[in-house]
Amino acid sequence: MPVLADFRVKIGNPDLQNLWLGCKVTLIDKDGRRWSPTSIVSLKTADNVQTCISAIFSGAKSGDVLNLRETFLVPKEATKSIRPAIGVASERPHFLLFQLEKD
């Protein structure tokens, strides 16, 4: 089933072509399975929504807020335990991993 990961990012250092090189958003489930964004599913988005990669070349300036969206196709049973992770080459091996909300 399609899953959308939406982020709002406030730009600090605008050198995205160097700092965001290798920008990648993934989904990870409780079993450690990972999914990468897909272009198979095409959902209509607002004009001001970008992907992680397209944001690199957006010309964003310090203080700008970017709306990012990545689209994934994952098995339905995985949707209960998936969480997004974001990594960029300048920060590897570290990355940002989000926790699931507690019910």
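The values are calculated or read from the model by the stated rules, or taken from the named source; none is laboratory data. Everything numeric here is computed off the predicted structure, so don't read it as measured data. Using ideal geometry, Cβ is built from the backbone for each residue, glycine included, and neighbour counts are taken over all protein chains shown.
When you scan the stretch 22-32, do you find a residue that is part of a loop (DSSP other than H, G, I, E, B) and of a type in the set (Val, Ile, Thr), even just one? Within the stretch 22-32, not a single residue is part of a loop (DSSP other than H, G, I, E, B) and of a type in the set (Val, Ile, Thr). On the given criteria, is Ile53 of a type outside the set (Phe, Trp, Tyr) and modelled with pLDDT of 90 or more? Against the criterion (of a type outside the set (Phe, Trp, Tyr) and modelled with pLDDT of 90 or more), Ile53 does not qualify.
The conditions of being at pLDDT 90 or above and either of a type outside the set (Val, Ile, Thr) or assigned to a loop (DSSP other than H, G, I, E, B) (or both) are not met by Pro93. In the stretch 4-21, which residues are aliphatic (A, V, I, L, M), in a loop (DSSP other than H, G, I, E, B), at pLDDT 90 or above and in contact with a helix residue (DSSP H, G or I) (Cβ under 8 Å, 6 or more places away or on another chain)? Listed by number, the list is empty, since nothing qualifies. Assess whether Ala46 counts as being modelled with pLDDT of 90 or more and either assigned to a loop (DSSP other than H, G, I, E, B) or crowded, with 16+ Cβ neighbours inside 10 Å (or both). No, not satisfied. Among the criteria (1) at pLDDT below 95; (2) farther than 16 Å from Phe7 by Cα; (3) loosely packed, with under 15 Cβ neighbours inside 10 Å, the one Lys61 does not fulfil is (1). Restrict the check to the stretch 52-63 and report whether at least one residue is in contact (Cβ under 8 Å) with a residue 12 or more places away in the chain, within 16 Å of Leu97 (Cα to Cα), out of contact with any Asp or Glu (no Cβ under 6 Å at 6 or more places or on another chain) and of a type in the set (Gly, Ala, Ser). Scanning the stretch 52-63, I find no residue that is in contact (Cβ under 8 Å) with a residue 12 or more places away in the chain, within 16 Å of Leu97 (Cα to Cα), out of contact with any Asp or Glu (no Cβ under 6 Å at 6 or more places or on another chain) and of a type in the set (Gly, Ala, Ser), so the answer is no. Residues in the stretch 25-41 include none that are surrounded by 11 or more Cβ atoms within 10 Å (Cβ to Cβ), over 19 Å from Ser81 (Cβ atoms) and touching a Cys at 6+ places or on another chain (Cβ under 8 Å).
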